[in-house]
Each structure stands twice: as C-alpha cells, then as structure tokens.
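See structure below.
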Amino acid sequence: MSIEKIDQIKKEVESMFDVKLKKLPRKKIIYEGVAKDNKTLVLISPSSKLHPKGHGWVDITKIQRDLALERDLAIIAFRLPDRKTYYVDFDKLSEHLSEETMMNNSREGDHWKLYIWPKYIEIRKCDTKLPIRPNALQELVATLADGKRWKFRN
C-alpha cells in the first residue's frame, strides 16, 4: 500500500492552478506560490498510515493553520495508503479548528487531531464530519471556480 509522493501532488496542483510552488524553508510538507494575478496559494500535504480501525490520522499544528490562513487560497492534501489523496479547501476545514477543539502536547504544541475516514474527516472534540472523496482535485477546482476564489486559465 503505497502513499502518493508529495512531488506528484505538487505537480498536479501546479498544473490545475497554473502556479509554481516552492517548498517553504524548514517545512517538509508545505509549499507556496504566487499566481499571475498576485494571489497566493499554499499547499499542505501530510501523509498518514491507516489505523487498524480503518482511518488515517493527521495533526494540524497552529503554525500550519496560521500559515494557511495568511494566503488567498490554501489546499490541504491528505495522502493515505493505496495512493488515495483527499484534497480539501482549507477554509472549509479551518472553520472547525477552534480553541475548543485544539489540543496541546510537548511534541506538537498547539494542534488539532484529524481522523481521515474513507468518506469524511473527523476532528477530535468536534461533532461535525466534513465529507470527502479520494483523488477529487478536479471537484475542488470546480468548486473554487464557481465561487470565484481563484482565476483559472481558460
């Protein structure tokens, strides 16, 4: 069960959004770029093994969240085994990353624990389940184009 390589995810996002992404210094899974209209995009792409219960798990740190919220568009691409990648508009996720759902420990500091199930994302200490589908970057692009949040080439 292989996990999609981050370089492949980066290439797909660059192609779909017509932007060149560069890795942020000292960040293994975070890339950013600037489009021709000067809008900024950040890609965060954590990977996860599968828990025996059937879900992946990822920690989103407060630093990652803050970086994402500073950009015009933030995409998070959760990479799971069997080459399944779940693309999410970070704005939809960030609504649920509150002080109440935040956790803290000495390793990650302030963070949120996310469980990636086959059809939804669950945030620990939050009742909302965010629907997802694997490998649906095209659907995310269509949603963003409809909402006029990103200018796509014709």
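The values are calculated or read from the model by the stated rules, or taken from the named source; none is laboratory data. Keep in mind the model is a prediction, meaning the values are calculated, not measured. Reconstructed Cβ throughout: ideal geometry from the backbone, glycine too, with neighbour counts over all protein chains shown.
Annotations for the structure displayed:
- Output for segment 83-105, where each listed residue is more than 20 Å from Ala136 (Cβ to Cβ) and either of a type outside the set (D, E, K, R) or not in a loop (DSSP other than H, G, I, E, B) (or both): Leu97, Ser98, Thr101, Met102, Met103, Asn104, Asn105
- Against the numbered list (1) within 27 Å of Lys11 (Cα to Cα); (2) modelled with pLDDT of 95 or more; (3) part of a loop (DSSP other than H, G, I, E, B); (4) touching a Ser or Thr at 6+ places or on another chain (Cβ under 8 Å), Arg133 comes up short only at (4).
- The residues of segment 23-37 that are touching a residue at least 12 places away in the same chain (Cβ under 8 Å), assigned to a loop (DSSP other than H, G, I, E, B) and not basic (Lys, Arg), listed by number, are Leu24, Ile29, Ala35, Asp37.
- Residue check for Arg65: of a type in the set (Lys, Arg) and within 22 Å of Met16 (Cβ to Cβ): no
- Take the conditions (1) over 13 Å from the mean Cα position of the chain (by Cα); (2) surrounded by fewer than 19 Cβ atoms within 10 Å (Cβ to Cβ); (3) at pLDDT below 95; Gln8 misses just one of them, which is (3).
- Pick from segment 98-113, criterion in contact with a Cys (Cβ under 9 Å, 6 or more places away or on another chain) and under 18 Å from Leu67 (Cα atoms), ranking: surrounded by the most Cβ atoms within 10 Å (Cβ to Cβ): Trp112
- Among the residues of segment 14-22, not a single one is under 23 Å from Ile123 (Cβ atoms), part of a loop (DSSP other than H, G, I, E, B) and at pLDDT below 95.
- In segment 98-130, the residue that is nearest to Ser15 (Cα to Cα) out of those that are among the small types (Gly, Ala, Ser) and without any contact (Cβ under 8 Å) to a residue 40 or more places away in the chain is Ser98.
- Total residues in segment 19-57, condition under 17 Å from Arg149 (Cβ atoms), exposed (fewer than 15 other Cβ atoms within 10 Å of the Cβ) and not hydroxyl-bearing (Ser, Thr, Tyr): 3
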